Every structure is written in structure tokens, then in C-alpha cells.
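The values are calculated or read from the model by the stated rules, or taken from the named source; none is laboratory data. Keep in mind the model is a prediction, meaning the values are calculated, not measured. Every residue, glycine as well, gets a Cβ built from its backbone with ideal geometry; the counts of neighbours run over all protein chains shown. Ligands, DNA and RNA are excluded from the accessible area calculation, which covers all protein heavy atoms including side chains. Shrake-Rupley method; radii C 1.70, N 1.55, O 1.52, S 1.80 Å.
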Amino acid sequence: MSIIETGRLYITPFSADDFDIFVREMLTDPRVVQFYYSYKDLDDLDVIRRKARSDFWDEFEVSRKKYGWPTWAAYSRSTDAMIGWCGLLHGELSATYSKPELQYMIAGEAHGKGYATELGRAVLGHATAARIADSVVATVDTPNLGSIRVLEKLGLRRAGQIHAYGSDDMYLYEASLLDK
């Protein structure tokens, strides 16, 4: 996998160094974990790191090694700060829908600035060009209006409300990548 560049981002394959930054800077930020309920009340960095290893890193690795679905780290071209990650993952819904889940997380200071849309568009564009997947699903908490806007800007359509990741308060989104 190579580097993907956009107007404001350089996007690289997610590495162990990226994981450390993600845990330290994003999973300790209340703005970021607002909808990641099992992280909201954690404040011990070692506990967060261990939990994140199984919740995120292991999922990233299985998705990449077993299915060829990559996860990417995004850095600001102007500041070199990590602003988030995005990937096609073998998540909870992949077996049910036989397609990867589009997942992403954006640093708190980057919320509301269009980075998630820019990153998602680049990752979906790469997936389409590399023929990694024909379609994707995504889930979002119903009160997470920012992520709902991002998914809709990326061309995903709401398919209904579902139970996922321990919550009944989730929307399912879907998109064909063949139309892009």
C-alpha cells in the first residue's frame, strides 16, 4: 500500500506508531470517545491501551491480513499532526452483510472541519480503484449528527435502525462502490 494524498491530508497504512498516537491522543479525549461508551470513563492509559489493542488494533490486523481490507492513518499536511484513522474493517456486521464496514475516528480538535469526509472519500476512492470491495456498510449512533452527515456526504444511504455494538440506538448505512 502506498501513501494517499489529498488537499489537506497525507494518509498512510496504519502502523504501530500510529496506534500509540491514537491511544494517547484520541482515546483519552472526551470529544472523541463521546460515542465509544466503553472508553468514556477510562482514565488509566495502560487500561485504555490494552482495551484498544483488542478493540481496534487486532481488528485492523485481521481485516488487513485475512480480508485485504486496509486501515489508514491520516495526518495534516500543514501540521504533521495525526487527525484520525479510517478503514474497511471486518466488524460486527461484516458476517451478516458480507461486506466490510467503513469505520473512522477523528481527533477532537479536527471535528467539524471536513476531515472525516475528506479522509473517507480518499479511503473509499482507494478501495474502489484497488477493487478491494464492491460495497460497504457503516453504523452510527443515532445522536451522532456529525458522523451521520459524513456518511451521507460520502454517498452512503440509511438502511434503517439496528442493534449493533451493544446498542439499540444505531443506524445502518450502506453504499455500493461500483457506482463511484
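Basic side chains Lys and Arg get +1 at the Cβ, acidic Asp and Glu get -1 at the Cβ, and with that the dipole of the chain about its Cα centre reaches some 580 debye.
From Cα pairs below 8 angstrom and at least 6 apart in sequence, can you work out the relative contact order of region 42-94, rounded to a whole percent?
Numbers: 49 pairs, mean separation 15.5, N = 53.
Dividing the mean separation by the residue count of region 42-94 yields 29 percent.
Let me know the shape class of the chain, please: from the alpha-carbon gyration tensor, a ≥ b ≥ c as square roots of the eigenvalues, rounded when a/c is under 1.5, otherwise prolate if a/b is greater than b/c, or oblate. Spell out each step's value before the answer.
Details: a/c = 1.32, a/b = 1.10, b/c = 1.20.
Rounded shape, in that the Cα axes give a/c under 1.5.
The residues of the chain expose on average 49 square angstrom of accessible surface per residue, using a 1.4 Å probe on protein heavy atoms.
With all pairs of different C-alpha atoms in the average, the Kirkwood value for the hydrodynamic radius of region 26-115 is 14.2 Å. Backbone phi angles across region 109-119, fed through the Karplus curve with coefficients 6.51, -1.76 and 1.60 (θ = phi - 60°), yield HN-Hα couplings of 5, 9, 4, x, 10, x, 5, 4, 5, 4, 5 Hz in residue order; Gly and Pro are listed as x. If R0 equals 30 Å, the separation of the Cβ atoms of S54 and T28 corresponds to a calculated FRET efficiency of about 0.95. Here the chain has 48 percent of its accessible surface on carbon and sulfur atoms, given a 1.4 Å probe and all protein chains in place.
Candidates C86, G108, M170 compared by Cα position along the dipole of the chain: farthest toward the positive end lies C86, with charges placed on Cβ.
Ranked by the mean number of other Cβ atoms within 10 Å of their residues, highest first, the peptides 155-162, 131-138 fall in the order 131-138, 155-162.
Kindly flag which residue pairs out of K51/K99; K40/K65; K40/K113 have an alpha-carbon separation exceeding 28 Å in this structure.
K40/K65
Considering only Y75, F56, M26, and ranking their Cα positions along the charge dipole of region 24-170 that arises from unit charges at the beta-carbon of Lys, Arg, Asp and Glu, the one farthest toward the positive end is Y75.
How much of the DSSP bridge set in the chain is antiparallel, in percent, rounded to the nearest 5? Taking every DSSP beta bridge with both residues in the chain, the antiparallel ones total about 95 percent.
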